Amino acid sequence: MAGKTLVVACALFLGMCFITNGAPNEVTHAFCKIVWLLGIPCDEVNIAIVTQLKAMGSYKLGSVTAALIQATHNSAVGQVESVNFTMIPTAMGLGCHVEGSSVSAFWYSLFDNGTNYCNLHNVIQGSGLTKAPGFAEFTNEWLCLGFGLSACK
């Protein structure tokens with residue numbers, strides 16, 4: 001039985017390496033990736049996210065371009081996560097495909113009980129984008145460790 005468990009664990013680990021192109025920080029650190037689809041232009045999405053990040057005291061805004069917003073999040077217990085939002089216009093620029101990622105800086109935070117999910121969710125929800133036309137969110141436990149355990153505040 002222990003042999004089967006080891007084989008399954010190895011297969012899952014290799015699968016994660018394949019899915020994440022072997023990027024070690026995403027396999028050895030807690031992480032979350034979310035895709036949102038919105039029926040508003042990306043420039044409006046960008047402004048809403050930047051405004052919300054500035055309003056939240058636990059985020060430090062980094063580089064901002066039309067297609068990428070970078071920030072860091074400092075949690076109350078001293079953990080630091082890298083947070084990114086990438087925006088890609090959909091057909092004819094009428095909508096926006098947004099990819100969000102949050103990665104913990106410390107390897108020992110592999111199981112973060114949804115902290116990385118909440119880093120992204122709280123920004124999108126606080127910005128009001130969850131009420132935008134056509135809003136849809138896509139993620140799961142494979143893309144977002146702790147997603148099922150998250151209790152965002």
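The numbers here are math on the coordinates, done by the rules we state, and not lab data. Everything numeric in this text was worked out from a predicted model, so none of it was measured. A quick note on method: Cβ atoms are made from the backbone with ideal geometry, for glycine too, and the neighbour counts reach across all protein chains shown.
For Gly126, neighbours were defined as the other residues whose beta-carbon sits under 12 Å from its Cβ, and their charges (Lys and Arg +1, Asp and Glu -1) total +3. Think of the range 29-149 as a dipole: +1 on every Lys or Arg Cβ, -1 on every Asp or Glu Cβ, centred on the Cα centre; then among Asn119, Leu53, Pro89, Leu53 lies furthest on the positive end. Placing +1 on each Lys and Arg Cβ and -1 on each Asp and Glu Cβ, with no other charges, gives the range 28-129 a dipole about its Cα centre of roughly 120 debye.
Extension gain for Glu141 to Thr90 (0.36 nm times residue separation, less C-alpha to C-alpha distance): 15.8 nm.
Under the 0.36 nm per residue contour assumption, what length would be gained going from the current alpha-carbon distance of Thr51 and Ser75 to full extension?
Values: separation 24, 0.36 × 24 = 8.64 nm, distance 1.94 nm.
Between Thr51 and Ser75, full extension yields an extra 6.7 nm.
Once the Cβ-Cβ distance of Ala105 and Ala151 is raised to the sixth power relative to R0 = 22 Å, the FRET efficiency obtained is 0.50.
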